[in-house]
Amino acid sequence: MFKRRFKIINPTLWLALVLPASIFTTAAHGERAYKWVDADGNVTYSNRMPPESIKHERQELNNQGRVVRVYSAPLTAEEKAEAKRMAELAANKKERARKRAIHDRSLLATYSNVADMEKAREDRISTIEALVHLTSSRVKSMQERLLLLSEEAAQYERSGKQLPFRLHSQITNLRDQIEHNQQFAKDKKIETEEIRRQFDADIARFRELTNDEPDSPRSGPSPLELAANNPNIKLDRHDRTLLSTFSSVEDLLFARNEEIENIDSSIRQAYDRIDTMQAHLAELSNNADEYEASGELLPDNLLREMKQVMQEISDSESHLQDKRSLKQKVLDQFEQDIQRFRVLTASN
């Protein structure tokens, strides 16, 4: 049994002088010889592999003592998990590069110059501003309607009569609609700023793509290598993931915009669903008005449907709020990551 501390200068000479004669003779006849180091640092040579040796890296030697093949030690559970994580990061990076290439082709196919992009940006913003103005007018009308219904409800209270369910549901629905539309207007103003940021990034990319000089391949160290070589930076796991996943700040911006667009799509769907259900509740309330005007009691099925729609509106509002919170969380995280990426990749 030999310790790692011995330095082997000439593998052939060492085998001839030190290894047991049986191992050297076996290797000389073309049979396999193996070398491995156990957990205690002991170096072992043998023409047979005992079961415990599979826990360590092994080397196969020829009759001159040269390594002809290396058998890696099995990965630990932690190493397997890390390898899987890195493979997923590489796959995500490849997929993002594919989508980025599609986006680049779309930019070049859609716009002829920067002026076209600036006009498209202003057109989209103008459309949203018109929608915000229309929403504000709608809110004003609903507030006037709510004032009339509140006065009617006050009369019931002054006379000591019970407030009719249809009046209660109308007031509740109007208040929800006002709040819903006011939030919609705020979200659209935020969307306007996001459109500006998106077009700024696209315009910068368009200029890069349409440069007369062909794109030169990236050279030099990768972002991870650059940060690892900086003695003033201590990398944690999140830093390594960040630098392994993204190649530049532009990649981060592209990923952020893609993720935000997916969330915005869910938000738009939630708004559409709420608008549809509120319109349906307004129809049910009108039906309830007709019953009360004729002095009839509201049918149980109508009451149940109104309550169900009101619950669905409440659930959808909660879902919408969750999506808004998620969007803000994503924006905050990307902002932190962009700032951190710039620090990590700054010149030494």
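The values are calculated or read from the model by the stated rules, or taken from the named source; none is laboratory data. Remember, it's a predicted structure, so these values are computed and weren't measured experimentally. All Cβ positions, even for glycine, are placed from backbone atoms using ideal geometry, and neighbour counts span all protein chains on display.
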Can you spot a residue in the range 160-178 that is under 28 Å from residue 256 (Cα atoms) and not aliphatic (A, V, I, L, M)? no
For the range 293-308, name all the residues that are at pLDDT below 90, part of a helix (DSSP H, G or I) and either surrounded by 15 or more Cβ atoms within 10 Å (Cβ to Cβ) or among the hydrophobic types (A, V, I, L, M, F, W, C) (or both). 293, 302, 303, 306
Take residue 197 and tell me if it is assigned by TED's automatic domain parsing to the domain that holds residue 317, under 29 Å from residue 245 (Cβ atoms), modelled with pLDDT under 90 and in contact with a helix residue (DSSP H, G or I) (Cβ under 6 Å, 6 or more places away or on another chain). no
Restricting to the range 276-290, give me the number of residues that are of a type outside the set (A, V, I, L, M) and free of Cβ contacts under 8 Å to residues at least 60 places away in the same chain. 6
Please pick out the residue among 205, 166 that is closer than 30 Å to residue 250 by Cβ and in contact (Cβ under 8 Å) with a residue 60 or more places away in the chain. 205
Counting only residues in the range 226-244 that are modelled with pLDDT of 85 or more and surrounded by 19 or more Cβ atoms within 10 Å (Cβ to Cβ), the one nearest to residue 334 (Cα to Cα) is identified as 242
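Looking for something touching a Lys or Arg at 6+ places or on another chain (Cβ under 6 Å) and at pLDDT 90 or above - is there at least one such residue anywhere in the range 94-117?
No, that holds for no residue.
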Scope the range 76-120; condition more than 30 Å from residue 245 (Cα to Cα), of a type in the set (Lys, Arg) and surrounded by 13 or more Cβ atoms within 10 Å (Cβ to Cβ); matching residues: none
Only one of 171, 190, 203 is closer than 27 Å to residue 140 by Cβ and either of a type in the set (Gly, Ala, Ser) or surrounded by 16 or more Cβ atoms within 10 Å (Cβ to Cβ) (or both); which? 171
Hits in the range 332-348 - residues which are in contact with a helix residue (DSSP H, G or I) (Cβ under 7 Å, 6 or more places away or on another chain) and either assigned to a helix (DSSP H, G or I) or modelled with pLDDT of 90 or more (or both): 334, 337, 338, 340, 341, 342, 344
Among the residues of the range 123-146, are any over 20 Å from residue 277 (Cα atoms), more than 40 Å from the chain's Cα centre (by Cα) and assigned by TED's automatic domain parsing to the domain that holds residue 268? yes
